[in-house]
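Take this structure first; my questions come after.
The values are calculated or read from the model by the stated rules, or taken from the named source; none is laboratory data. Being a predicted model, the structure only gives us computed values, none of them experimental.
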Amino acid sequence: MPDFLTQIDWSQLLPFVAIGFAAQIVDGALGMAFGLINSTLMVTMMGTPPALASASVHAVETFTTAASGVSHIVNRNVDWKLFRRLVIPGVIGAALGATVLSRLDASVARPFVMAYLAAIGVYLLFRAWRGEIERRQPRVIAPLGLIGGFLDAAGGGGWGPVVTSNLLVQGATPRHTIGTVNTAEFFLTLTASVAFFVSLGWAAFTLQAMGLLLGGLLAAPLGGVLAKRVPTRQLMAFVGVLLTLTSLWSIYAALAR
């Protein structure tokens with residue numbers, strides 16, 4: 001066994017591997033919540049300082065979104081026309097959020113954004129319960145990508161919840177929406193991470209980040225398979241539940257400060 005492997009304290013690393021694995025399964029299958037799940041579990045269960053948790057998650061996401069995107073491409077979950085219309089505005093929004101506006105206090109608006117997303121989650125649950133899965137071509141794409149990219153970079157997350165949920169409300173197919181949003185996310189994360197690395201350097205690549213990365217990479221191939229095989233109605237219901245619960249938790253955490 002290589003020397004550096006023997007020097008790793010696996011008892012400390014394995015919990016973060018499990019967290020990264022679980023978060024990536026959810027994110028890959030439903031198109032959202034990798035950052036929120038990782039950050040929440042690291043802070044509340046593992047006692048990681050919030051700043052370090054955020055830095056670790058951002059560093060890891062560049063690699064996990066790439067692996068997740070490949071999985072969705074292999075499973076033919078990507079709508080390339082939608083991808084092209086989404087990714088460029090998304091990258092522009094991420095660049096603005098990371099380099100220009102990230103110094104502003106985005107936490108003030110966060111409860112209002114989360115309340116909106118919670119309402120979207122309830123609406124998606126209602127549609128799934130009623131069986132109303134009408135498929136239409138979404139019309140509002142570029143502005144959605146711009147806003148989602150900006151919120152993701154400046155506010156510490158939001159690409160998946162904002163973009164996936166709104167495309168589903170417009171009538172896009174859950175499977176291809178999730179696959180396309182996940183694949184486009186790599187380019188946003190890469191854009192934001194470059195600016196993040198410039199300010200933090202190698203500080204984000206900690207033992208915790210190694211665990212999250214290993215778990216996320218192990219789970220990434222499974223997300224595309226799940227999104228492809230889970231029926232449309234159940235997939236929309238899962239998205240609605242996850243979006244509602246995570247948004248309500250974010251509202252509680254923001255107001256409890």
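Out of the residues in the range 69-83 that are assigned to a helix (DSSP H, G or I) and aliphatic (A, V, I, L, M), state the one that is nearest to the chain's Cα centre (by Cα).
Taking the range 69-83 first, the residues assigned to a helix (DSSP H, G or I) are 69-74, 80-83.
Okay, now just the ones that are also aliphatic (A, V, I, L, M), so 70, 73-74, 82.
Details: Val70: 16, Ile73: 17, Val74: 20, Leu82: 18 Å.
Among residues in the range 69-83 that are assigned to a helix (DSSP H, G or I) and aliphatic (A, V, I, L, M), the one nearest to the chain's Cα centre (by Cα) is Val70.
For (1) basic (Lys, Arg); (2) within 18 Å of Ala192 (Cα to Cα); (3) at pLDDT below 75, each residue gets a yes or a no:
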residue	(1), (2), (3)
Thr65	no, yes, no
Ser71	no, no, no
Asn77	no, no, no
Leu82	no, no, no
Leu96	no, yes, no
Val100	no, yes, yes
Arg103	yes, yes, yes
Ala109	no, no, yes
Ala115	no, no, no
